[in-house]
Each structure stands twice: as C-alpha cells, then as structure tokens.
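Since the structure comes first, as structure tokens, the remarks are kept for the end.
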Amino acid sequence: FRSRRTPIGKPVANYQIYLLCPSLNPVPIGVNGEIYIGGHGLAMGYLNLPSLTAEKFIPNPFTDKPGERLYKTGDMARYLSDGTIEFIGRIDNQIKIRGYRVELGEIEAVLCSSPLVKDAVVIAREDSESNQKLVAYIVVKKQEEYRNSEINISSLRDFLRSKLPEYMIPEKIVFIKSFPLTTSGKVDRKSLPEPDNLQSETEGSMIRPRNPLEFQITKLWEETLQRGSLSVTDNFFEVGGHSLLAVRLMSKIEKTLGKRIPLTALFHEGTIENLASVVRESTDQHHFSPLVELQSQGEKTPFCCVHPAGGNVLCFFEMGKIIGRNRPVYGLQSKGVDGEEEPLDKVETMASYYIGELLKVQPEGPYCLGGYSFGVHVAFEMARQLIDQGKEVGTLAILDTPGLGQKEELDDSLDGTRLLAHIVTQIESHFETHLGIIYDDLVVLDEESQYNLIIERMKKNRILPEDGSQKQLTGLVRVFKMNSQAMDIYRPKMYAGDITVFATKSLCDRFPSDDSLRWGEVTTGEVRVVAIPGDHSSFLKSPYVEVFAEELEKWLEMIR
C-alpha cells in the first residue's frame, strides 16, 4: 500500500507542531487535524493587521507560560504510525460531499497526473436544491484537444475511478482555455464560470424517468432523500442515501408498489433504472443469498466481512468502496434479514452455511475474512472450519471487538423480556438513535404491548415509517434475537491461525494489561493489534473509515 499524499517529516529543534481538532484538542494517529506551530522562531503577527493577527496567532493552550502563542496555519495533516507528519491539504479546500470529507487538492493532483491534463481546479457548487456538487475545470495539454468536442471523457472518468473513491469523482467536468487569476497570480476560484454556460461533460447526462414505474420510484427516492433533480442513473448511496434511509425506501416501495424487494438490492441494483427492473421482474419469490457483493471488480484476493447482530451489511458500504478499488469485497448477511426466512440459531451452523456460499465465488484460498461486533463470532468459526477442511486462511480481521475468551454459563433467568430489552439496545446502536425504553418499561407489559411500544418509538424516531407494521418489526427483532442467542451459547474452540485486531482506543482501554485484548485465549497463532481512530460505532463511517480502510488494506496487501 502506498499513500498518495506527501510526508513532511517532523518539527525541527526549538519548534513545536500540534495537530488539533476544531475544539483545539490533539487528534490521534491517523486522524486529520489542523497544523498549529509554536516555538522560539514564531513571528509576532501580521504587520498593521491586528484582527488577522488575533485570528491566526492564538494563546498556546498547552503551556502556562504567559505570552506563548500558536500559529494557526490552515493546513491539514495527520500523524503516521512512526510519528511522521503527512500533509493532507488546505482547510479552505476541504469540503463535505454527501457525508464524506473531500480534499479538493487531492482530486486536482490525480487529474493533473493524467497525460491529457495540463492543469486542473476542483470546486464545489450548489445546485438548485442547495446540494454540494463537485465541478472540475480542466486545461488540456494541447489546445487543439480543447477545440475537439470528442475528447474521451469516459476514459478520464475511468482514470479517476482507478485512483479515487466514487464520491470524489466530479459530477461535472468542464474544459476551459485558461483559469481566471487574481492580481497576485493565483487561480480566482470565485470567477470560474458556471458550468452550465460552458461545454461540460454532464450536459444532457440527466436522464429523467422514461416510464411510469421509473417515475414512481424516482418520486419515492425524492421523498426519502428529501431532494429533487435525480437522474435514473444515480446511485442511492452516492446521492445521500445511508442504511436508515435504505430501510425507509424499501418500506415505501413495498407499500406503494406492493413488491417486497430485499434491502441488499440497493448494493447490486443501486440506481433507479436498475431498481425498476428488479421491481418489474420481482415475483416476491426471490432467492435469498447471504453473500452480498459490495464491490465485485478487481484481481486481488477478495475480502469477506460478517454482519453485526442486526443481520444486514449496510454498515460495510463505505469500507467496501475504499478497499475495493481493485479488490472484490463481500458482506455476509443473516438468513431471515429479508423478513421471509427463519434465521439460523447457531454460530457453527451460520459459519458452515456462509462457507458454502463463499466457496461458490472463491473455490480456493487464501481466504480473507473479517467480522464486526457479533460477526466476529461467525468469522472466527468460519476461519476455524476452513482450516479443519484443509483450506488456507490468509487474514482473520477482527473489527473492534474483544476476544471471545471463556464465557460463564447462561443465566436461566434470562427471560424473553430481558432479551427484548437487550435487542432494543442493539437496535439503538445499529440505527444510532435513542428509543428511551428500558427493561422496567417492558416487564410490566404483555408481549403484544411490548411490541407496540417498540413500534411506536421506532416510528417516532423514523426507523419505521408511520405506516410500518408489526410484521416489519417482528422480522427485524427475530434476526436480533437469534443472533443474540447464538452469541450467548457459542463456545469457541482453539484456532490454529493468526489474528489481526483493529481496535479503537476505547477497546484497548478496557484491557490495559492484555496486549491481545483476550484474543490470545482462543488462538495458538500470533495476535496483532492495530490502532484505529473513532469508537465502536463511528470507525466504519467518515472520516474515520478512511484511516481504518487504509490500515486494513495494508494487511490485505500481504495476501497474494
């Protein structure tokens, strides 16, 4: 794995460099922060500019010495594992697109590495619905190429996709003869012309609905995403969709069109036109597969990650897009997550079932497996069973979960209400919300009233639509329930292989005296712990997922 960014080393003698978050707290290794500089050689300020001096030269919060200040540079960087500082770009060139932090300078650098491009500037513009859109302005190396209207834009986009994730691909590419400049000779970004007034790659690329079904689905997307101007070729997750919105969308489709479509169809058929084809061809007798292609292209060894207790794999979407630029990435989802089939009730049974599906797409090893939360039980058991079958396991990646260790025997007093209270907690964690329901609220109610209370709170928090039924909740809870019970009764056998644990600080703090985070209790191999930023809920989301995915890819790169 090689970084595309620039290492700038370490501070020289008598200078201090701090990488700080907006609250002026130091950021951990791998997380972007703004560079602040202090030391003996720091300037007094800007000549005759007291307001700018006050803005850029701030009191040093890390010392008690009077008059000590730090200079706020406006540059973004992060610490590498060896203490080296890696330059990311300018704060004023960093924006957020569809929930992702985007460094415009990185896109510009990749564009300029194309043999076609002489210079490039990328900016963000708002559309009529106030959504941020990336626009790239390009000066080509030969002026006659600019005058030729048949420049191969698709090849340029393919070039970008080979080096950048999809959310960093500009929605409009505009060719321009030269950039407007300020009096100091810098590009005047504010004077770049509106893309609609120039020949742009995306003119005419907006494809409106072409039949009644596409029109209906487009309306459902617009209601769910609360935005308009959608093309039937837009990808749900690339125009602002996420796991919670995906659940709502599928509920709307079922209610409006009378077709139950599996949630994972948004991975395979993530555009309006493709989803319309799925709806059109659906007989409600779809074949369920636990294996979900998060990204199917690439020649490297595939990576397969097992679901958390909720059963679906939507939480892996961002990770899959980042590490899957040249590597197939699969997620394993619970049987029963479609609301139709009965979930499996034992970890060993799940592992055997998932291995059978995995062998269909990858008959031979090495196998690169991962698991998150509950999924580590299944991934661990899969790796153990594969080795028992004489297969090679290249990587077993544990995602921020402590070792399975030795469990106490189950408490027979664990009744259905206590389990349901536990499931409520799992739902809250999965959907990042708070239902305000505790065991004491549930224990005084009969079973039907318990479900009705949960449904009411889920509707209030927009996890279920207002017309959501008990059937929807029953399917969701059934998967949580089976996975929770399977986790409690699972007793792991020893594993004869290495384990890599990707651990946030909060997990490491739980086991200060155990370097293996309890994974050494269940393996005869080596346990490696890799520090990652964020916490158990956030490390799979931007901005932390970029750092985690890079660390994961380093280990996957070792597998050929």
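The values are calculated or read from the model by the stated rules, or taken from the named source; none is laboratory data. Remember, it's a predicted structure, so these values are computed and weren't measured experimentally. Here Cβ is always computed from backbone atoms with ideal geometry, including for glycine, and neighbour counts include all displayed protein chains. These accessible areas exclude ligands, DNA and RNA; they are computed on the full protein's heavy atoms, side chains included. Shrake-Rupley method; radii C 1.70, N 1.55, O 1.52, S 1.80 Å.
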Sequence-distant residues sharing a close amide H with residue 119 (under 5 Å, placed H): 139
At R0 = 25 Å the Cβ-Cβ FRET efficiency linking residue 288 and residue 169, nearest 0.05, sits at 0.15
Quote the FRET efficiency, to the nearest 0.05, computed for residue 207 versus residue 53 with a Förster distance R0 of 56 Å and r equal to the Cβ-Cβ distance. 0.60
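How high is the relative contact order of the stretch 493-560, in percent, counting Cα pairs under 8 Å that sit 6 or more residues apart?
About 34 percent, as a whole number.
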Roughly speaking, what is the stretch gain from residue 425 to residue 255, that is 0.36 nm per residue apart minus the C-alpha to C-alpha distance, in nm to one decimal? 58.4 nm
Residue-by-residue Karplus 3J(HN,Hα) for the stretch 303-310, coefficients 6.51, -1.76, 1.60, Hz, glycine and proline x: 10, 10, 10, 9, 4, x, 5, x
Could you give me the ³J(HN,Hα) list for the stretch 376-381, computed from phi with Karplus coefficients 6.51, -1.76, 1.60 and θ = phi - 60°, whole Hz, x at Gly and Pro? 5, 4, 6, 4, 4, 5
Length gained, residue 438-residue 71, 0.36 nm per residue minus C-alpha separation, equals 127.2 nm
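In the stretch 206-280, carbon and sulfur make up what percent of the accessible area (probe 1.4 Å)?
Values: 1490 of 3010 Å².
Ligands and nucleic acids excluded, carbon and sulfur give 50 percent.
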Around residue 495, which amide H atoms from residues at least 5 apart in sequence, or from another chain, sit under 5 Å from its own amide H, with H modelled in the peptide plane? 523, 524
So how far apart, in nm, are the two label points at residue 296 and residue 119 if each is 7 Å from Cα heading toward Cβ? 4.3 nm
Pop a pseudo-label 7 angstrom from the Cα along the beta-carbon direction at both residue 233 and residue 538 and give the gap in nm to one decimal. 3.7 nm
For residue 305, the residues 5 or more places away or on another chain with a placed amide H closer than 5 Å to its own amide H are 330, 331, 332, 370
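Mind checking the full-extension length gain between residue 15 and residue 558? Use 0.36 nm per residue of separation minus the Cα-Cα distance, one decimal, nm. Present the calculation step by step, with values, prior to reporting the outcome.
Details: separation 543, 0.36 × 543 = 195.48 nm, distance 3.78 nm.
Extra length available between residue 15 and residue 558 comes to 191.7 nm.
So, for the stretch 511-555, what is the accessible surface per residue at a probe of 1.4 Å, expressed in square angstrom? Could you put the intermediate results ahead of the total?
On the way: 1930 Å² over 45 residues.
For the stretch 511-555, the per-residue accessible area is 43 Å².
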Give me a comma-separated list of calculated 3J(HN,Hα) values for the stretch 218-232, in order, Karplus coefficients 6.51, -1.76, 1.60 applied at θ = phi - 60°, integers in Hz, x for any Gly or Pro. 4, 4, 5, 4, 5, 5, 5, 8, 6, 7, x, 6, 8, 8, 5
